[in-house]
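The values are calculated or read from the model by the stated rules, or taken from the named source; none is laboratory data. The structure presented is a predicted model; accordingly, all values stated were derived computationally and were not measured. Here Cβ is always computed from backbone atoms with ideal geometry, including for glycine, and neighbour counts include all displayed protein chains. Ligands, DNA and RNA are excluded from the accessible area calculation, which covers all protein heavy atoms including side chains. Shrake-Rupley method; radii C 1.70, N 1.55, O 1.52, S 1.80 Å.
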Amino acid sequence: MDERDLKDLLYQEFARIGKCLSSPKRLEVLDLLSQGPKSVEALSKATTMSVANVSQHLQTLNNARMVKFRKEGNYVIYELADDVISDFIHSLHTLSEKQFAQVQQIKQTFLNANMGMDGISLADLNDRMEKGEVLLLDVRPKEEYENAHIPGAVSMPFEELREKLSSLPTDTDVVAYCRGPYCLLSAEAVELLRSNGINAFRLENSVQDWNEFQDHLH
């Protein structure tokens with residue numbers, strides 16, 4: 001086998017990943033799994049796809065070794081096959097935003113639809129948390145918080161937020177975060193908090209963004 005044949009074989013293997021990522025729904029599934037392991041049913045609910053459709057996409061991802069699974073009772077739990085896949089998806093988002101103006105436009109529309117609410121930067125959050133000036137809420141599902149979260153954050157899933165409003169301080173600023181800029185749980189949380197007299201801000205960044213920010217600091 002000559003060098004050309006070897007190169008052809010090599011790029012054929014690289015292309016397997018490319019083919020696997022050609023579906024918008026599979027990219028969304030990978031994005032959700034980057035937050036932590038999930039059952040097929042949970043992925044179905046989050047993506048509004050049928051369980052059968054989600055299963056089909058997961059099979060394709062599994063064939064490309066992008067995900068792995070285990071059984072827990074009657075449930076099949078999927079997770080990313082390796083942490084490097086989460087980094088890859090993050091890089092894909094960054095590249096898409098850089099290359100395609102419409103990604104930025106969609107993102108802005110996505111965020112502006114939420115009252116043009118005040119955000120907070122990672123640097124400001126870091127300073128204010130060190131001074132004990134803010135309460136940071138993680139409004140993702142509890143299992144995502146347990147998988148990974150920003151140190152000091154309190155787990156308060158969005159669906160539980162309304163009933164726990166009375167337990168929140170009214171004299172302290174509250175910051176809510178979820179899965180990053182393309183997740184609106186935190187925006188909805190800020191809207192709910194503000195409508196109940198709490199001074200709230202949205203952190204657009206994800207746990208992964210926070211970890212990268214901390215790595216640069218040190």
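Of the residues G152, G132, G116, which single one is over 17 Å from the mean Cα position of the chain (by Cα), modelled with pLDDT of 95 or more and of a type in the set (G, A, S)?
Selected residue: G152, the only one of G152, G132, G116 that is over 17 Å from the mean Cα position of the chain (by Cα), modelled with pLDDT of 95 or more and of a type in the set (G, A, S).
Just one of (1) over 14 Å from D31 (Cβ atoms); (2) without any contact (Cβ under 8 Å) to a residue 12 or more places away in the chain trips up T94, so point out which.
Every condition holds for T94 apart from (1).
Go through the range 190-211 and report how many residues are surrounded by fewer than 16 Cβ atoms within 10 Å (Cβ to Cβ) and within 21 Å of K107 (Cα to Cα).
Qualifying residue count for the region: 0.
Conditions tested, residue by residue: (1) part of a helix (DSSP H, G or I); (2) in contact with a strand residue (DSSP E or B) (Cβ under 7 Å, 6 or more places away or on another chain); (3) β-branched (V, I, T).
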{"residue": "A42", "(1), (2), (3)": "yes, no, no"}
{"residue": "K45", "(1), (2), (3)": "yes, no, no"}
{"residue": "A52", "(1), (2), (3)": "yes, no, no"}
{"residue": "Q56", "(1), (2), (3)": "yes, no, no"}
{"residue": "Q59", "(1), (2), (3)": "yes, no, no"}
{"residue": "I77", "(1), (2), (3)": "no, yes, yes"}
{"residue": "I89", "(1), (2), (3)": "yes, no, yes"}
{"residue": "L92", "(1), (2), (3)": "yes, no, no"}
{"residue": "S96", "(1), (2), (3)": "yes, no, no"}
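Kindly establish whether V103 is within 21 Å of L203 (Cα to Cα), without any contact (Cβ under 8 Å) to a residue 12 or more places away in the chain and not acidic (D, E).
Considered against the rule, which asks whether it is within 21 Å of L203 (Cα to Cα), without any contact (Cβ under 8 Å) to a residue 12 or more places away in the chain and not acidic (D, E), V103 comes out as yes.
Taking only the range 194-212 into account, find how many residues are among the basic types (K, R) and under 21 Å from N126 (Cβ atoms).
Residues meeting the conditions: 1.
Collect the residues in the range 193-202 that are out of contact with any helix residue (DSSP H, G or I) (no Cβ under 6 Å at 6 or more places or on another chain) and on the phi < 0 side of the Ramachandran plot, keeping them in residue-number order.
L193, R194, S195, I198, N199, F201, listed by residue number.
Mind checking which residues of the range 122-175 are open to solvent by less than 10 Å² (accessible area, probe 1.4 Å) and touching a residue at least 40 places away in the same chain (Cβ under 8 Å)?
Within the range 122-175, L125, L136, L137, D138, V139, R140, E144, I150, V174, V175 meet the criteria.
Is the range 54-64 home to any residue that is modelled with pLDDT of 95 or more and β-branched (V, I, T)?
Yes, the conditions are met somewhere in the range 54-64.
May I ask you to list pairs of residues, at least six apart or on different chains, whose Cβ atoms are under 6 Å apart, with the first in the range 199-218 being in contact (Cβ under 8 Å) with a residue 12 or more places away in the chain and within 22 Å of D173 (Cα to Cα) and the second being open to solvent by 40 Å² or more (accessible area, probe 1.4 Å) and assigned to a helix (DSSP H, G or I)?
Filtered contacts from the range 199-218: A200/R194.
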